[in-house]
Amino acid sequence: MELILINIIVYFSGFWGAVELAGTIFSIICVVLAARHNQWTWFFGALGVICFGFLFFEFTLYSDAGLQFLFFLPLQLWGFIYWRKLSSETNNPVVTKSLALPQIYSIVFAIIALALINGFLMTTFTTDVSFPYMDAFTTWMSVFAQILMIGKYWQSWAIWTSMNIMAIYIYFAKGLFVVSGLYVVFLIIAIFGMIKWRQDYLNSQKQKVID
């Protein structure tokens, strides 16, 4: 036990340990704020994205690294602007939407197709990639979940929940124990977020009927 504690202290005293810890803290704050419809989620999200983008590249999770810098970072600005605009237009900071069943089927098909293509390309054109297909699935699930979250669709949390389960295994297997533990926390918050946002949506529908 003492040896484990020493190794943990030594790891977090190093550069990548500090990056992982900072990204963990920023990301937890980000997800908690998102579940509560707080617009500052996007500021802390940007900080977490930067930290984990560098960390994933260092650990050869190239799909995740590219996702952080090329996709998630610009989306933090878009998310902040859109949430602010939507809240102002509706005068309701917790406004929530729901996808129709055909839209859900289309999104599931798109995730599977893109993940298989992504995994094949990573397997074919890289030599040191880790978990190419699982990494690709978490990548594209994150892409769609983030877009749906910006749009305030409660189903975004259902995708985050599924993605978190897969990510827990990947990061644990890669030795990123803190990141793996972080995704356990994300999983819990995602379940809470899904329940809360769905309830917010149902409440808004009841209010429309009353009005």
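What follows draws every value from the coordinates through simple rules; no lab data is involved. Treat the numbers as computed from the prediction; the structure is a model and nothing was measured. Please note: Cβ atoms are built from the backbone with ideal geometry, for glycine as well, and neighbour counts cover all protein chains shown.
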Mean Cβ-within-10 Å packing, highest first, puts peptides 34-46, 96-108 in the order 34-46, 96-108
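When the chain is fully extended, how far beyond the present Cα-Cα distance does residue 77 get from residue 125, taking 0.36 nm per residue of separation?
Once the chain is fully extended between residue 77 and residue 125, it gains 14.1 nm.
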Toy charge model, Lys and Arg Cβ at +1, Asp and Glu Cβ at -1: the range 21-135 dipole around Cα centroid in debye, rounded to 20, equals 500 debye
Once the dipole of the chain is set up from charges on Cβ (+1 Lys and Arg, -1 Asp and Glu), the residue from the list 163, 103, 55 lying farthest towards its positive end is 103
Rounded to one decimal in nm, the spacing of the 7 Å Cα→Cβ label points at residue 112 and residue 32 is 3.8 nm
Answer in debye to the nearest 20: the dipole magnitude of the range 2-210 about its Cα centre, from +1 Lys/Arg and -1 Asp/Glu charges placed on Cβ, is 980 debye
Projected area averaged over all directions for the convex hull of the alpha carbon atoms of the range 69-128, nm², comes out at 6.1 nm²
Ratio for the chain, C-alpha Rg to 2.2 N^0.38 Å, reads 1.07
Hits for the chain under the membrane-span-like helix rule (DSSP H, Cα axial span at least 20 Å, Kyte-Doolittle mean at least 1.6) are 15-35, 41-58, 101-125
For residue 115, the net charge from surrounding residues (Cβ-Cβ under 14 Å; K, R +1; D, E -1) works out to -2
Counted neighbours (other Cβ, 10 Å), sorted fewest up, put 51, 30 in the order 51, 30
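Sort 139, 24 so that the residue with the fewest other Cβ atoms within 10 Å of its own Cβ comes first and the one with the most comes last. Please report the intermediate quantities before stating the final value.
On the way: 139 25, 24 20.
Neighbour counts put them in this order, fewest first: 24, 139.
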Taking r as the C-beta separation of residue 40 and residue 94 and R0 as 25 Å, the FRET efficiency to the nearest 0.05 is 0.95
